[in-house]
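Okay, structure first, notes after.
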Amino acid sequence: MTGAMSRAKLALDSDGRQRLTGVLSVLFAPYKETTMLQEMRLHRIRALLTRLNQVSTERIIRELEVSRETARRDMIELEALGLARRVHGGLVALETPAEPPLTERRRQQTREKRAIARAAAQLLQPGQTLFLDAGSTTTFLAEELHALSGLTILTNSLQAALALSAGEENQTLNNQIILLGGNMSAGAQQTRGEITVGEIVRYRADIALLSPVGVEAACGATSFHPHEAAIARTMVQQSASCYLLADHSKLGVVSRTVYAPPQAISLLITDGGGDSAALAALQQQLPDVMVV
C-alpha cells in the first residue's frame with residue numbers, strides 16, 4: 001500500500017491538484033465487483049445455466065467481470081443451495097424433476113389454491129382484459145371468475161375455458177371468453193406452439209394471471225416445459241401487469257425455464273405455509289406479495 005500511495009503522490013499536476021483517478025482505480029480494482037451484489041451474480045449464472053445447461057469458470061469471469069476467486073465463491077454457493085453441481089472447469093445444471101400432470105396437480109394443495117384464486121378474483125374489475133395460462137391454480141381461478149361479469153378472458157387452457165363457459169347451451173355468459181388456438185398433443189389440456197404465441201401477440205391485456213412451476217427471489221417465475229414458458233412469457237410481455245398465483249410449495253423453487261424475471265412481476269399471491277425464508281426473500285425482492 002505504501003508503494004501505491006507513493007505513486008499516487010506522483011500523480012500531481014502542475015497546479016498542485018491531485019489527479020488520483022487512474023491510480024485509485026488500480027488500488028481499488030479488487031472492490032469493483034462488489035458493486036454487483038452476490039444475489040444478482042447468482043441470478044445471472046443461473047440464467048446462463050438455464051440457457052446452456054453448463055457454463056465454464058472462464059465464461060462466468062468474462063460475463064460477470066469478476067475475479068476468479070469471486071467466481072469460485074459463487075459456484076460453491078450455487079452448489080450449496082442445490083441449484084448446480086461443480087465439475088472440473090465450471091458448473092452443470094441439475095436435472096429438474098418433471099411437472100406432474102394437471103389432473104394430479106389439481107389434487108395437491110387444493111385448499112390453498114382455492115384461497116389464492118378467491119383472493120385474485122377479488123382484485124379484478126369489470127372491463128378488464130385478462131390472460132390465464134394453463135396452470136392448476138389458474139383453473140381454480142377460472143371457476144371463481146365464472147361468477148363475475150364484464151371481463152374479457154383469454155386462455156390456452158381447455159379446463160379454464162370449460163369452467164368459464166359452464167352453463168346451459170343458450171345461456172348468455174357474463175364474460176367474453178376467448179380460447180386461444182394452437183397445437184395439441186395426446187393428453188394435453190391446453191393449446192401451445194407458435195400458433196398460440198401468435199394469437200397472444202394480437203391482444204393487449206390489463207393483467208396476466210399465471211401459475212408458475214416455481215417462483216424464486218433471484219430468478220423469478222419459471223416453468224418446466226419450454227413451450228409453456230414461451231406462452232407465459234408472451235402473456236407477460238402483452239400485459240400491463242403480471243400476477244403470479246403460487247401456493248407455498250412453489251416458493252423458492254427454480255424450474256428449467258425462466259419466463260418472468262422479478263422485475264416483471266407486479267404481484268405474488270400465495271399462502272403462509274412452507275419455507276418462511278423463501279417467502280421473506282420474495283417479499284424483499286418483489287413490489288407486492290399478498291399472503292392469504
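Miscellaneous remarks
- Checked against (1) in contact with a strand residue (DSSP E or B) (Cβ under 8 Å, 6 or more places away or on another chain); (2) surrounded by fewer than 16 Cβ atoms within 10 Å (Cβ to Cβ), T57 passes all but a single condition, namely (2).
- Residue match in the range 200-208 (condition: among the charged types (D, E, K, R), within 24 Å of R114 (Cβ to Cβ) and at pLDDT 95 or above): yes
- Search result, residues across the range 116-166 that are farther than 22 Å from K250 by Cβ and of a type outside the set (A, V, I, L, M, F, W, C): Q125, P126, G127, Q128, T129, H146, S149, G150, T152, S165
- Answer from V236, V258, V253 - the residue that is without any contact (Cβ under 8 Å) to a residue 40 or more places away in the chain and of a type in the set (V, I, T): V236
- Residues (within 21 Å of L78 (Cα to Cα) and touching a Ser or Thr at 6+ places or on another chain (Cβ under 7 Å)) located in the range 229-278: L251, V254, S255, R256, T257, V258, Y259
- Single residue of the range 129-180 satisfying the filter (in a loop (DSSP other than H, G, I, E, B) and among the polar types (S, T, N, Q)) that is modelled with the lowest pLDDT: N170
- Looking only at residues in the range 267-292 that are touching a residue at least 40 places away in the same chain (Cβ under 8 Å) and among the small types (G, A, S), the one that is farthest from P226 (Cα to Cα) is G273.
- For G82, the stated conditions do not hold, so it cannot be described as out of contact with any helix residue (DSSP H, G or I) (no Cβ under 7 Å at 6 or more places or on another chain), within 24 Å of A208 (Cβ to Cβ) and at pLDDT below 90.
- Subset of the range 38-55 that is at pLDDT 80 or above and outside any helix (DSSP H, G or I) - its residue that is farthest from P226 (Cα to Cα): V55
- Filtered by the rule that a residue be touching a residue at least 40 places away in the same chain (Cβ under 8 Å) and either more than 18 Å from P261 (Cβ to Cβ) or of a type in the set (D, E, K, R) (or both), the range 41-88 gives R46, N53.
- Test: residue in the range 97-110 that is of a type in the set (S, T, N, Q), modelled with pLDDT under 80, closer than 21 Å to G252 by Cα and surrounded by 14 or more Cβ atoms within 10 Å (Cβ to Cβ): no
The values are calculated or read from the model by the stated rules, or taken from the named source; none is laboratory data. Note that the coordinates shown come from a computational prediction; the quantities given were computed from them, not determined experimentally. Neighbour counts run over all protein chains shown; Cβ positions are idealised from the backbone, glycine included.
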